[in-house]
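Take a look at the structure below.
The values are calculated or read from the model by the stated rules, or taken from the named source; none is laboratory data. Please read these numbers as outputs of a predicted model, since none were measured by experiment. Methodologically, a virtual Cβ is constructed for each residue, glycine included, from the backbone with ideal geometry; neighbour enumeration extends over all protein chains shown.
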Amino acid sequence: MTLREQSSAVYAAVLFDMDGTLVDSTAAIARCWTTWAVEHGVTGEQLAAAAGHGRPAPEIAADLVGAERAEQAAARIAELEVADVDDIVQLPGVPDLLAGLPADRWAVVTSCSAPLAAARMGAAGLPTPPRLVTFDDVSRGKPDPECFLLGARRLGVDPADCLVVEDAPAGLAAARAAGCATLAVRTTHPEGPLEADAVVALLSQVRMSPVAGGVRVEVLERAPHEA
């Protein structure tokens, strides 16, 4: 039985997205991309059309400025984002959720670079994950499944036995393609469809506890917009 069929299920491991799932970095992201767009002659409309949440920044930058300027543009957004970690905090429910997880049963899988992931986790006071997968570790970003397949491999578990916790359609698509179960959090997409086995408003509505061979995940309250 899965979270789609009942309120609790056991998984070998849990793979968490970071931005919008474990930490709120929305204001910092908006500041950095606004500065970057002005510097690179990109309009707000162009940025909004390209910047699907959950996609790696280098891929977004390349889409907006073209291949010839892509390397310089990606370096600049990385510089801006690592420098601006003001207002980044853990989202509601996250401290208690992570505190109860066995060290060998969870990982963070993010579209951030390794330096940016370290900067944001440090700013938010997020516990150091036992395993971390960043954009630097993969050849293709979300919605490609490579990142979640690597996260499962680093934990030594089958992706089919993993639960992915995500806030964005691109990440959920990557998780499904990897064969993982999915739990969506409505932090960055409060309205509209999120294709997942279960959807919650916040992670404070989820309980995770260690059991033999894995983690029991209990959904205490599903989001009202879930189909």
I'm checking my understanding of the structure. Among residues of region 83-113 that are at pLDDT 95 or above and under 19 Å from Gly141 (Cα atoms), which one is surrounded by the most Cβ atoms within 10 Å (Cβ to Cβ)? Val109
Is at least one residue of region 25-38 of a type in the set (A, V, I, L, M), more than 18 Å from Ala119 (Cα to Cα) and loosely packed, with under 15 Cβ neighbours inside 10 Å? yes
Out of all the residues in region 1-19, which are buried (at least 22 other Cβ atoms within 10 Å of the Cβ) and among the small types (Gly, Ala, Ser)? Ala13
Condition check for Pro224: outside the structural domain of Asp144 (by TED's automatic domain parsing) and either touching a residue at least 12 places away in the same chain (Cβ under 8 Å) or not hydroxyl-bearing (Ser, Thr, Tyr) (or both): yes
Being touching a residue at least 24 places away in the same chain (Cβ under 8 Å) and out of contact with any Lys or Arg (no Cβ under 7 Å at 6 or more places or on another chain) is true for just one of Pro102, Pro95. Which residue is that? Pro102
What residue, of Leu194, Leu172, Leu203, is crowded, with 18+ Cβ neighbours inside 10 Å, modelled with pLDDT under 95 and not hydroxyl-bearing (Ser, Thr, Tyr)? Leu194
